[in-house]
1. Based on the alpha-carbon gyration tensor of the stretch 40-85, what equivalent-ellipsoid semi-axes (square roots of 5 times the eigenvalues) come out, in whole Å, largest first?
2. Residues of the stretch 142-168 with the amide nitrogen closer than 12 Å to a label point 7 Å from the Cα of Asp122, along Cα-to-Cβ, please.
3. So which of Lys75/Lys152; Lys91/Lys159; Lys30/Lys93; Lys80/Lys152; Lys93/Lys146; Lys42/Lys152 end up more than 26 Å apart by C-alpha?
4. Which length gain, in nm to one decimal place, applies between Lys152 and Arg62 when the Cα-Cα distance is subtracted from 0.36 nm times their residue separation?
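Nothing in this text is a laboratory measurement; each read-out follows from the coordinates by a stated rule. Bear in mind that the values here come from a model prediction, so they are computed numbers and not experimental data. Glycine also receives a Cβ, built like all others from the backbone with ideal geometry; neighbour counts cover every protein chain displayed.
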Amino acid sequence: MKNVLALLSILALPALAAEPTLYGRYEYIKLPEIGGQTLKAKMDTGALTASLSAKDIQTFSRDGDDWVRFRLATKDADSKVYEHKVSRVSKIKSRADEADDEGETTDVAKRPVVELELCLGDVKRTIEVNLVDRSSFNYPLLIGAKGLREFKAAINPAKRYVADKPDC
């Protein structure tokens, strides 16, 4: 009897796997390492990586490591300067350049990537975020597919702010 119960419990494990959490197309995300700011974020399954709106982005060396210094580029941002260790530099192709069918070379934007702790609802995760000026966009933070996987998120594009304000 014990063997049968053990076999049944092993077979039931896939069914017990955690279901993804459903979020809306837009959510509030808190950045504990960036002054505890809470930003409106676009949950974008079409993007691969996360992007944070930053300005005055300067890379520099500290103790042999690459670091970046920046300020938030959001409408409510103060002039505080943040510094983070660079985890890598991403190379992003412009969509307009990809559509060029004349065979010209594609311009690639290089963006510093940092690991930031983000709070979505009551879930806190550390994800890679590239820094770029998004001040011309409606949402200063974009969470791409890699970040969505970290949060075990499923997105319902018809919903907004399902998780309410972050509480981590």
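1. In descending order the semi-axes read 23, 17, 7 Å.
2. 167-168
3. Going by Cα-Cα distance, Lys75/Lys152; Lys91/Lys159; Lys30/Lys93; Lys80/Lys152 fall outside the 26 Å limit.
4. The Lys152-Arg62 span can extend by a further 29.0 nm.
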